[in-house]
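For reference, the structure is listed below as structure tokens.
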Amino acid sequence: MSTTAVLRSEWIKIRSVRASLGSLISVFVATLAITVLAFASVGTAEAENADYEPLFFAFYALNFGQVAAISFGTTAMSSEYLNGALRVSLSAVPRRGLFYGAKVAVVGALALGVGLLTSFAGFLSGQAFMGEYAIGLGHDGALRACVGGGIYLALMALLAAGLTTLLRSGVAVLSILIPFTLIVPFVIGDVANGVAGFLPDRAGQQILHENPTGTLGPWAGLAVTAAWAAAALLAGWWALRRRDA
């Protein structure tokens, strides 16, 4: 089977599984809805606070969009471990490297496309409610943050996909990653130095700051998140190659 045919089949799988497609759509819908709700209700009031950071606040809803991105990466992989689907997939594509590479490529491409759309749409829609406090794409670091935000969402989806392949359980991965991304930032607060600054979410979100603090710069932080995702994907490939279907 050709690479193009395998890629097409993986796209059909994702499109056919409601949980995967719904999670992908939710990346955009949830981020945009929360952005509009938050900025329409407290946007200008937040701008009057002494510690207000206009660029980072513009991507507030990305914290919720990343949950949907994690869910997308998880469900796209976990569907292979339901009702013997993996055996059928490997019967059709015996080359495990081709199968895994195609699935990761499709998950990554879809997550990146939707992530970029979400990042730009969230930024622009939020600023529509900010009145005199609004910033545009010409603001220092804004374009970089919009592009980086989309890449960050794709990397979180790939991190989840790799872990799901390693653990063979979507429930386990969601139970680890979602509390991790929602709770840990509140526990460690604004501390971005030391080991905490190298966690995948904290490091990647440095790209959203106009003037990042801590050890990592914006692109270096995103590179750390990419390293986490690559490690998870490699671990997933090891598990897929070594274990029986």
Mind checking whether some residue in the range 62-73 is open to solvent by 20 Å² or more (accessible area, probe 1.4 Å) and more than 21 Å from the chain's Cα centre (by Cα)? no
Which numbered condition Glu48 fails, given (1) open to solvent by 10 Å² or more (accessible area, probe 1.4 Å); (2) of a type outside the set (A, V, I, L, M); (3) in contact (Cβ under 8 Å) with a residue 40 or more places away in the chain: (3)
Scanning the range 75-91 for residues that are open to solvent by 60 Å² or more (accessible area, probe 1.4 Å) and either in contact with a Cys (Cβ under 6 Å, 6 or more places away or on another chain) or among the aliphatic types (A, V, I, L, M) (or both), which turns out nearest to Met156 (Cα to Cα)? Leu82
Would you tally the residues in the range 23-44 being under 21 Å from the mean Cα position of the chain (by Cα) and either more than 18 Å from Ala85 (Cβ to Cβ) or open to solvent by 30 Å² or more (accessible area, probe 1.4 Å) (or both)? 14
Within the range 82-113, track down each residue that is within 30 Å of Ile183 (Cβ to Cβ) and either among the β-branched types (Val, Ile, Thr) or over 22 Å from the mean Cα position of the chain (by Cα) (or both). Leu82, Val104, Val107
When you look at Ser78, is it outside any loop (DSSP other than H, G, I, E, B) and more than 13 Å from the chain's Cα centre (by Cα), yes or no? yes
Scanning the range 199-217 for residues that are in a loop (DSSP other than H, G, I, E, B) and aliphatic (A, V, I, L, M), which turns out most open to solvent (accessible area, probe 1.4 Å)? Leu199
All positions within the range 133-146 that are free of Cβ contacts under 8 Å to residues at least 12 places away in the same chain and in a helix (DSSP H, G or I): Leu143
Selection status of Ala230, modelled with pLDDT of 90 or more and of a type outside the set (Lys, Arg): yes
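Condition check ((1) in contact (Cβ under 8 Å) with a residue 12 or more places away in the chain; (2) hydrophobic (A, V, I, L, M, F, W, C)) across all residues:
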residue	(1), (2)
Thr3	yes, no
Trp11	yes, yes
Val17	yes, yes
Leu21	no, yes
Val27	yes, yes
Val36	yes, yes
Gly43	yes, no
Gly73	yes, no
Val88	no, yes
Contacts under 7 angstrom Cβ, first residue in the range 156-182 being at pLDDT below 95, partner open to solvent by 50 Å² or more (accessible area, probe 1.4 Å) and not basic (Lys, Arg), 6 or more apart: Arg168/Tyr81; Val173/Leu167
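A quick yes/no check of all residues on (1) assigned to a helix (DSSP H, G or I); (2) among the aliphatic types (A, V, I, L, M); (3) farther than 16 Å from Tyr152 by Cβ:
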| residue | (1), (2), (3) |
| --- | --- |
| Phe28 | yes, no, no |
| Ile34 | yes, yes, yes |
| Leu37 | yes, yes, yes |
| Gly43 | yes, no, yes |
State all residues of the range 121-179 that are touching a Gly at 6+ places or on another chain (Cβ under 6 Å), open to solvent by 40 Å² or more (accessible area, probe 1.4 Å) and over 18 Å from Trp238 (Cα atoms); if no residue qualifies, say none. Phe129
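The values are calculated or read from the model by the stated rules, or taken from the named source; none is laboratory data. Please read these numbers as outputs of a predicted model, since none were measured by experiment. Ideal geometry is used to build each Cβ from the backbone, glycine not excepted, and the neighbour counts take in all protein chains shown. Ligands, DNA and RNA are stripped out before the accessible areas are found, and what is left, the full protein with its side chains, is counted by its heavy atoms. Shrake-Rupley method; radii C 1.70, N 1.55, O 1.52, S 1.80 Å.
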